[in-house]
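Below: the structure, in structure tokens.
The values are calculated or read from the model by the stated rules, or taken from the named source; none is laboratory data. Values in this document were obtained by computation on a predicted structure and should not be read as measured data. Quick reminder, even Gly has a Cβ in these numbers, built from the backbone with ideal geometry, and neighbours come from all protein chains shown.
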Amino acid sequence: MTTVAEPSLTTDRSSNLARTIKRGQMADAVFHALLWASGALVLLILGAMIALLAYDGWPALRHFGAAFYTTAIWNPVTERFGAASMLFGTLVTAVIAVIVAVPVSFGIAFFLTEVCPQRLRKPIGVTIQLLAAVPSIIFGMWGALVVAPLIAAYIQTPLIAALSWLPVVGEVFAGPPQQFSVFTAGIILALMILPFITAMFVETLESVPAMLAESAYGIGATTWEVFRSVRVPYGRTAMVGAGMLGLGRALGETMAVTFVIGNANRISTSIFAPGSSIASVIANEFGEAQAGSLKLHALLQLGFALFVISFIVLAISRWLVRSRLD
């Protein structure tokens, strides 16, 4: 009996092992299928959004032609729509935000990586992360109630007095001071993108080999010289990419900008004048647009333009960061 049972037991074990392997292979196949489905779902959602914006925005572009992007008239009553003022406001506010945020982010990042005492580094880092978690509508309300009056009184007024008389620059800083303006929107955007740019700058500065900085200090270089001659050159490309990522985030910001930009569909040479952005116009007027109306098609075409601009900026920033890593 023993000689008969042993082969039977071996056969049972082999069968169990085969079933276990088969179940594992089936589970692995299902897992791989789910992974492929997840990746395809992302592409499908992105493609659906692009298709919606392109298809439903096309009637406006077909009706107005290139004038849709070259004129600044936005009149729902007469159904004349031009996106030039929104494009101008979107780009100007984003550029102001980057110009303000990048130097401040440089200072914060270098302070955290080079100067800040170890016991303060974590609290300051957590504070910056908390700033990134503040909802944009809170930034908008705070900007409208607190920041906008302060900017008009203590920043715009001195700049107008100091620069408005200059031949060309004076047009950019012409008065009168106004609380809700393109400049105010740019400052609020700068505060919003500051944590993201700072985080990337910190990561870039920390990636500099310690031997390079220590060697510079060893030959008598000052903190400023190490910053200027070692850390910044080493991570320059990645820092430019970080700035571009901040620009991309600023381009699409909606609620905070809507609160403080002034929502005036016009182009002004002065950054202290009210303006509008693509996102703010869509937020203000999308709910009032009737299905199938030319206004709705114009708003969707604005959304498509914003998507294209953001995609280009993101692609450039990714390329810069990747070239630095390579």
Exercise. Name the residue, out of 113, 184, that is crowded, with 22+ Cβ neighbours inside 10 Å and in contact (Cβ under 8 Å) with a residue 60 or more places away in the chain.
Key: 184
Quiz item: For segment 279-290, does any single residue satisfy the condition of being free of Cβ contacts under 8 Å to residues at least 24 places away in the same chain, under 26 Å from residue 60 (Cα atoms), out of contact with any Asp or Glu (no Cβ under 8 Å at 6 or more places or on another chain) and of a type in the set (Val, Ile, Thr)?
Solution: no
Quiz item: Which helices (runs of 4 or more DSSP H) does segment 63-159 wholly contain that include 3 or more residues that are under 20 Å from residue 188 (Cα atoms) and touching a Pro at 6+ places or on another chain (Cβ under 6 Å)?
Solution: 118-133
Quiz prompt | Check on residue 174, outside any helix (DSSP H, G or I), in contact (Cβ under 8 Å) with a residue 12 or more places away in the chain and closer than 20 Å to residue 88 by Cβ | solution = yes
Quiz item: Of all residues in segment 192-206, which are among the polar types (S, T, N, Q) and in contact with a Ser or Thr (Cβ under 8 Å, 6 or more places away or on another chain)?
Solution: 198
Quiz item: In this structure, does residue 280 turn out to be of a type in the set (S, T, N, Q), surrounded by 15 or more Cβ atoms within 10 Å (Cβ to Cβ), farther than 19 Å from residue 64 by Cα and under 14 Å from the mean Cα position of the chain (by Cα)?
Solution: no
Practice problem: Identify the residue in segment 279-320 that is assigned to a helix (DSSP H, G or I) and polar (S, T, N, Q) and, among all such residues, is modelled with the highest pLDDT. | Solution: 301
Exercise. Taking residue 257 as the residue in question, decide whether it is at pLDDT below 90 and either closer than 27 Å to residue 176 by Cα or surrounded by fewer than 21 Cβ atoms within 10 Å (Cβ to Cβ) (or both).
Key: no
Quiz item: Quick one: is residue 138 over 25 Å from the mean Cα position of the chain (by Cα) and either surrounded by 16 or more Cβ atoms within 10 Å (Cβ to Cβ) or of a type in the set (A, V, I, L, M) (or both)?
Solution: no
Exercise. Quick one: in segment 291-315, of everything that is free of Cβ contacts under 8 Å to residues at least 60 places away in the same chain and under 20 Å from the mean Cα position of the chain (by Cα), which residue is farthest from residue 263 (Cα to Cα)?
Key: 315
Quiz item: Is it fair to say residue 303 is closer than 26 Å to residue 137 by Cα and touching a strand residue (DSSP E or B) at 6+ places or on another chain (Cβ under 9 Å)?
Solution: no
